[in-house]
Amino acid sequence: MESKATESPVTEESEIQLEEITVPKRSKAKEAVVVVTKKGQTTIPVKLRRKYQIEEGTKLEVIDTGDGILLKRKRTFWDMAGAYAGQATVEEVKAELDKMRHEVDPDDEQSSL
């Protein structure tokens, strides 16, 4: 006896909704394998340290992505220097900073009144 394949009609109950996800493109750089010590330490390969300007004492953010661990260079005040160039003159920025300092200066007796 031959069996005939029958297609079952698609109903609302049998439909599956798929969520769209974005998968980051893999870097063209080769992946490196590193070893973790008993203390939880590892060494970042020199090419990556140079590329991302990671030197001794550089602070890194450790981010749990759910898929792994991301080490990201922590931005400092000096990284932000010049970020708003062209938005205000040096004099305007200094005046604004002086105003802000005066508002929060704990040694200023008038600010506590």
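Provide, for q = 0.22 Å⁻¹, the log10 of I(q)/I(0) from a solvent-free Debye sum over equal Cα point scatterers in segment 35-105.
-1.06
For segment 35-105, build the charge dipole from Cβ charges (+1 Lys, Arg; -1 Asp, Glu) around the Cα centre, then report which of Leu71, Thr43, Ile54 sits farthest towards its positive end.
Most positive-ward Cα: Thr43.
Which of the residue pairs Lys74/Lys94; Lys59/Lys94; Lys39/Lys59; Lys72/Lys94 have a Cα-Cα distance greater than 24 Å in the structure shown?
Over 24 Å Cα-Cα: Lys74/Lys94; Lys59/Lys94; Lys72/Lys94.
Values quoted throughout were computed directly from the atomic coordinates according to the rules given, and no laboratory measurement underlies them. Quick caveat, the model's predicted, so the values are computed rather than measured. Neighbour counts are summed over all protein chains in view; Cβ atoms, including those assigned to glycine, are modelled from backbone coordinates with ideal geometry.
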